[in-house]
Amino acid sequence: QVQLVESGGGLVQPGGSLRLSCAASGSIFSMLSMGWYRQAPGKQRELVATVTSGGSTNYADSVKGRFTISRDNTKNTMYLQMNSLKPEDTAVYYCNAKWRANPLTSILDYWGQGTQVTVSS
């Protein structure tokens, strides 16, 4: 079982910065592929960034160059550093973990409760 808890959201002005954290329970964190998703009102949930168990990262085009995803396996925590924030970044941000217990099993998905990020003047 994996439990995920996000923190660090809040209200920030355009051009400002926030750092989101996702704390994971359990002893398998280092084996998980982690990611951040976001969902704005009236819109579909979209992928923001991912970091694999091996440390490889990928970003949505809309955040590339502004956001940085990272993980600290010693702390069972994933981070999203968000710089140069824009009003269109306003959304609920969700922590996601994916786990394949072995190569023959389906991937299991785990989600946090979400944290609100509001970018507004």
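Laboratory data are not the source of any read-out in this text; all were calculated from the coordinates shown. In this text the structure is predicted, and so the values were computed from the model without any measurement. Positions of Cβ are backbone-derived with ideal geometry, glycine not excepted, and every protein chain shown enters the neighbour counts.
Bridge orientation summary for the chain: considering DSSP beta bridges with both residues in this region, about 95 percent are antiparallel. Cross-link reach is defined here as a Cα-Cα straight distance under 22 Å, omitting same-chain residues fewer than 8 places apart; for residue 75 the lysines meeting it are 98.
On the principal axes of its alpha-carbon atoms, the chain has extents of 48, 30, 24 Å, going from largest to smallest.
Here the label points at residue 100 and residue 25, each 7 Å from Cα along the C-beta direction, are separated by 2.7 nm in the simple model.
Label reach from residue 121 (point 7 Å along Cα→C-beta): in region 12-40, amide nitrogens under 15 Å belong to 12-16. Assuming a ≥ b ≥ c are the square roots of the Cα gyration tensor eigenvalues, decide whether region 14-78 counts as rounded (a/c under 1.5), prolate (otherwise, with a/b larger than b/c) or oblate. Prolate, because a/c is 1.5 or more and a/b exceeds b/c.
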